[in-house]
1. Please give the number of the condition VAL47 fails out of (1) surrounded by fewer than 18 Cβ atoms within 10 Å (Cβ to Cβ); (2) of a type in the set (Val, Ile, Thr); (3) in contact with a Phe, Trp or Tyr (Cβ under 7 Å, 6 or more places away or on another chain); (4) within 16 Å of THR6 (Cβ to Cβ).
2. All but one of (1) in contact with a strand residue (DSSP E or B) (Cβ under 9 Å, 6 or more places away or on another chain); (2) of a type in the set (Lys, Arg); (3) touching a residue at least 60 places away in the same chain (Cβ under 8 Å) hold for ARG40; state the number of the condition that does not hold.
3. One residue is enough: does region 48-61 have a residue meeting the conditions over 14 Å from the mean Cα position of the chain (by Cα), over 20 Å from ARG98 (Cα atoms) and at pLDDT 95 or above?
4. I want to confirm something. Restricting to region 45-62 and keeping residues that are in a loop (DSSP other than H, G, I, E, B) and hydrophobic (A, V, I, L, M, F, W, C), which single residue is nearest to SER20 (Cα to Cα)?
5. Can you list residue pairs whose Cβ atoms sit under 7 Å apart, with the first residue in region 98-121 being over 18 Å from HIS14 (Cβ atoms) and touching a residue at least 12 places away in the same chain (Cβ under 8 Å) and the second being of a type in the set (Val, Ile, Thr) and surrounded by 12 or more Cβ atoms within 10 Å (Cβ to Cβ)? Count only pairs 6 or more apart in sequence or on different chains.
6. What single numbered condition from (1) assigned to a strand (DSSP E or B); (2) surrounded by fewer than 14 Cβ atoms within 10 Å (Cβ to Cβ); (3) not charged (D, E, K, R) fails to hold for GLY10?
7. So, of the residues in region 94-115 that are modelled with pLDDT of 95 or more and either part of a helix (DSSP H, G or I) or in contact with a Gly (Cβ under 6 Å, 6 or more places away or on another chain) (or both), which turns out to be surrounded by the most Cβ atoms within 10 Å (Cβ to Cβ)?
8. When you go through (1) free of Cβ contacts under 8 Å to residues at least 40 places away in the same chain; (2) surrounded by 12 or more Cβ atoms within 10 Å (Cβ to Cβ); (3) more than 28 Å from GLN123 (Cβ to Cβ) one by one for LEU22, which number turns out not to apply?
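The values are calculated or read from the model by the stated rules, or taken from the named source; none is laboratory data. Please read these numbers as outputs of a predicted model, since none were measured by experiment. Cβ: placed from backbone, ideal geometry, glycine included. Neighbour counts: every protein chain shown.
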Amino acid sequence: MFLNGTAMSGGADHHLVGDSPLVARTTTAPRYRFHAVGGRYPALEDVGPGGASVVGEVYEMDYAQLREVLLPGEPDGLELGVIELIDGSGSLAMVLRREYPSLPPLTDISELASWRAYRESQQ
């Protein structure tokens with residue numbers, strides 16, 4: 001599972017990862033727009049060529065941890081999807097919900113490519 005927000009190591013929601021081992025600190029392939037949704041949480045949007053690479057962490061997470069702990073803690077504006085990592089491999093990740101009628105405003109933070117960098121820029 002690729003994480004790029006508050007569930008990353010040191011983040012406020014890292015406890016949702018449980019005992020899942022960290023596999024890699026990496027980035028996505030350069031095909032995503034990275035958004036701050038209402039300033040509250042990050043979201044990946046696949047735009048194909050011309051996108052940006054986004055910083056994150058990959059965890060080996062069993063389905064029980066994913067289904068019963070991590071996913072219920074995710075915001076409504078996200079959905080489970082598959083993303084491409086910089087090495088060409090795929091990973092589960094939370095991505096911007098394709099159709100969501102009451103999504104808060106999006107701020108494109110692709111240039112920062114990191115939720116932590118965005119949060120630091122807001123302080």
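1. Among (1) surrounded by fewer than 18 Cβ atoms within 10 Å (Cβ to Cβ); (2) of a type in the set (Val, Ile, Thr); (3) in contact with a Phe, Trp or Tyr (Cβ under 7 Å, 6 or more places away or on another chain); (4) within 16 Å of THR6 (Cβ to Cβ), VAL47 violates only (4).
2. (1)
3. Step one: of region 48-61, the residues over 14 Å from the mean Cα position of the chain (by Cα) are 48-51, 60-61.
Cutting the leftovers down to over 20 Å from ARG98 (Cα atoms) gives us 60-61.
Keeping just the survivors that are at pLDDT 95 or above gives 60-61.
Taking every residue of region 48-61 in turn, at least one turns out to be over 14 Å from the mean Cα position of the chain (by Cα), over 20 Å from ARG98 (Cα atoms) and at pLDDT 95 or above.
4. MET61
5. Cβ pairs passing all conditions: LEU103/VAL37; PRO104/VAL37; LEU106/VAL37; ALA113/VAL54; ALA113/VAL55.
6. With respect to (1) assigned to a strand (DSSP E or B); (2) surrounded by fewer than 14 Cβ atoms within 10 Å (Cβ to Cβ); (3) not charged (D, E, K, R), GLY10 is out only on (1).
7. By that ranking, first place goes to TRP115.
8. Evaluating LEU22 over (1) free of Cβ contacts under 8 Å to residues at least 40 places away in the same chain; (2) surrounded by 12 or more Cβ atoms within 10 Å (Cβ to Cβ); (3) more than 28 Å from GLN123 (Cβ to Cβ) leaves (3) as the failure.
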